[in-house]
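Taking it in order: structure first as structure tokens, then the write-up.
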Amino acid sequence: ALPIFVAGCGKFFEGTAEQMYKALIEILGRLPPETRVYCGHEYTINNLKFARHVEPNNDSIKQKLAWAKEKYDEGEPTIPSTIAEEFTFNPFMRVREKSVQEHAGEADAVSTMGSIRKEKDSFKVPKD
């Protein structure tokens, strides 16, 4: 299994930030952009709320969160997404972006990956 969820990634139980970076960016990120991302758990809304916390000015996150809430209210799944979409709203696939690095207080992608994963582990999901 690969460590990706819509707008999120798995915890680093036995791995490192560098291993997660390689899995998400160097392996999954090199798949064709239209590759669909199917995951076994429905964490999309909570993951997008964390993404919004990391990048509050990212319109892709705002739009995807509104869409996901609508789907949830209709009893519909929010899965799948695509690799191309993940690069627009998944903070763990956006660790090379200055906005994500600045949020993390880091200057490189791997350190940013570690920092935001640690932050996500204790993130209190807001109700809105």
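The values are calculated or read from the model by the stated rules, or taken from the named source; none is laboratory data. Model, not experiment: these values are computed from the prediction. Cβ placement follows ideal geometry from the backbone for every residue including glycine, while neighbour counts extend to all protein chains displayed. Quick note on the areas: whole protein, heavy atoms, side chains included, nothing else; ligands and nucleic acids left out. Shrake-Rupley method; radii C 1.70, N 1.55, O 1.52, S 1.80 Å.
Considering segment 110-128, and only residues there that are open to solvent by less than 50 Å² (accessible area, probe 1.4 Å) and outside any helix (DSSP H, G or I), the residue that is modelled with the highest pLDDT turns out to be F123. When E70, E85, E74 are checked against the criterion of being open to solvent by 40 Å² or more (accessible area, probe 1.4 Å) and within 26 Å of A17 (Cβ to Cβ), E85 stands alone in meeting it. Evaluate segment 27-47: report whether one residue or more is at pLDDT below 90, closer than 21 Å to S111 by Cβ and surrounded by fewer than 18 Cβ atoms within 10 Å (Cβ to Cβ). Yes.
Against the condition more than 28 Å from K127 (Cβ to Cβ), at pLDDT 95 or above, out of contact with any Leu (no Cβ under 8 Å at 6 or more places or on another chain) and acidic (D, E), how does E18 come out, does it pass?
No; evaluated as a whole, the condition is false for this residue.
Cβ separations smaller than 6 Å between residues 6+ apart or across chains give the following pairs from segment 78-93 residues that are under 15 Å from E26 (Cβ atoms) to residues that are of a type in the set (S, T, Y) and open to solvent by 10 Å² or more (accessible area, probe 1.4 Å): I83/T35.
Condition first: under 17 Å from T44 (Cα atoms), free of Cβ contacts under 8 Å to residues at least 24 places away in the same chain and not in a loop (DSSP other than H, G, I, E, B). Can you find one or more residues in segment 96-109 that meet it? Checked segment 96-109: no residue is under 17 Å from T44 (Cα atoms), free of Cβ contacts under 8 Å to residues at least 24 places away in the same chain and not in a loop (DSSP other than H, G, I, E, B). If the condition is being out of contact with any helix residue (DSSP H, G or I) (no Cβ under 8 Å at 6 or more places or on another chain) and not polar (S, T, N, Q), then segment 81-127 contributes A84, E97, K98, E102, K118, D121, K124, K127.
Give the residue that is least open to solvent (accessible area, probe 1.4 Å), with candidates limited to residues of segment 48-61 that are among the charged types (D, E, K, R), within 23 Å of K118 (Cα to Cα) and without any contact (Cβ under 8 Å) to a residue 60 or more places away in the chain. Once the filter is applied, the top-ranked residue is E55. Within segment 113-128, residues that are touching a residue at least 24 places away in the same chain (Cβ under 8 Å) and under 16 Å from P56 (Cα atoms) reach partners that are among the hydrophobic types (A, V, I, L, M, F, W, C) and surrounded by 15 or more Cβ atoms within 10 Å (Cβ to Cβ) with beta carbons closer than 6 Å, at six or more positions or on different chains, in the pairs I116/A104; K120/F50; F123/F50.
Could you check, for segment 2-12, whether at least one of its residues is on the phi > 0 side of the Ramachandran plot and either within 11 Å of the chain's Cα centre (by Cα) or open to solvent by 90 Å² or more (accessible area, probe 1.4 Å) (or both)? Checking segment 2-12: at least one residue is on the phi > 0 side of the Ramachandran plot and either within 11 Å of the chain's Cα centre (by Cα) or open to solvent by 90 Å² or more (accessible area, probe 1.4 Å) (or both).
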